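Each remark here refers to the structure printed beneath this line.
What follows is calculated from the coordinates using simple rules that are stated; it is not laboratory data. As the structure is a prediction and not an experimental result, all values here were calculated from the model. All Cβ positions, glycine included, derive from the backbone under ideal geometry; neighbour counts span all protein chains shown.
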Amino acid sequence: MLNLFWNPGEKRLRFIWRFFLQTLLWFFPFSVLASLTYLAWHAAALPVGSFLDATLEFWTAAAMIFSIWISGKYLDIRSYRDYGFHFNPVWRRDFIFGLFLGALLMAVIFGIELAAGWIRITGFFQNIQPGYTFFTGMLGVVFLYICVGINEELWIRGYLLHNLAEALNFKFLSKRGALLAAWLISSIIFGFLHTFNPNATPLSSISIAAAGLFLALGFILTGDLAIPIGIHITWNLFEGNVFGFPVSGLSSTTTLIQINQAGPTAWTGGAFGPEAGLTGLAAIVLGCLLILAWIRFSGRKIQLQDQLVQYQPPSAAAVDPPENGAPGNYP
């Protein structure tokens, strides 16, 4: 009976119980901090908008970082770096590449739709938030999407995918099979979580799952979250607040370029945004190819990272990878 809860080989709780406890460790601090923020915000009669959203997302990310730090120390029994934060020169270069790639792909989508006549530019420097200027509104959303990128990539890719890969490391399934299965399952969960967004459809959830595969590609090939976090930040920021598209069903109140969206929904994604359209899917495929090209260009082999599958206690793990980014088992 004890084996339902305890993994004697790894000397820690089984994944499902660790995941349940990590969720609680995130939910309760976030709930308290979010409630206090709402009360203080309304008591001070501050304008609702980008800064409130950014503050709430900051608490979301802070609670996530705290919960995974505690989980890593006492439940997962691993170093925090093992979730994808090896802050070496390779990590920093990958992060910059991810930032560039997210912006580039959204610019490609915008260019295609503009050339096809599916969008019409109606203005610039739009802000419809009472109590905000364009620049303060934009400052708020930049901070917001930094927090979103860290929060979602740390939880879905760094924590969930990693732990799923270890949990699926059965004798009848190869390490590569376990990692690919975790890659797929975590991406499906990512798509499912977006079914609660405004204007969501079954097709948009499938498309978001495909985006999850794209975001996770850099993680399973490098063992780090630098590329996924970078892409996530600028994809959202340029999608909603530079080019004026909806971001996963959510309209932006502060945009550099104001547009009027038309064209076939199957291609544009309609009210949900480019992720739900064929142009978004094409950008995702292009992004995957560019990630592969970047890894090869930076002198690394394109291969799945086995250390994401085989659990190693901190005392048995190796040191940080060399600065050339060669794969290896990280502590």
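Inter-label distance, Asp306 to Leu114: 4.8 nm, where each label sits 7 Å from its Cα along the C-beta direction. Where [x] 30, 60, 10; [y] 24, 47, 26, 3; [z] 30, 57, 13, 0 are the candidate values, the label of the one calculated here for P(r) over Cα pairs in 20 Å bins from 0, in percent is [z]. Computed per residue of the chain from DSSP H runs no shorter than four, each worth -39500 (n - 2.57), the mean residue ellipticity at 222 nm is -18500 deg cm²/dmol. Using the Cβ-Cβ distance between Leu173 and Ala107 with R0 set to 45 Å, the FRET efficiency from 1/(1 + (r/R0)^6) comes to roughly 0.65. Computed over neighbours whose Cβ is under 14 Å from that of Leu75, the net charge equals +2, Lys and Arg +1, Asp and Glu -1. Nearest 10 degrees is fine. How inclined is helix 89-116 to the longest principal axis of the chain, computing both from alpha carbons? Value to nearest ten degrees: 40. Taking the charge dipole of region 9-316 about its Cα centre, with +1 at Lys and Arg Cβ atoms and -1 at Asp and Glu Cβ atoms, the residue from Gln258, Gly270, Ala211 reaching farthest to the positive side is Ala211. Between Leu39 and Arg14, the distance separating the two model label sites (each 7 Å from Cα on the Cα→Cβ line) works out to 4.0 nm.
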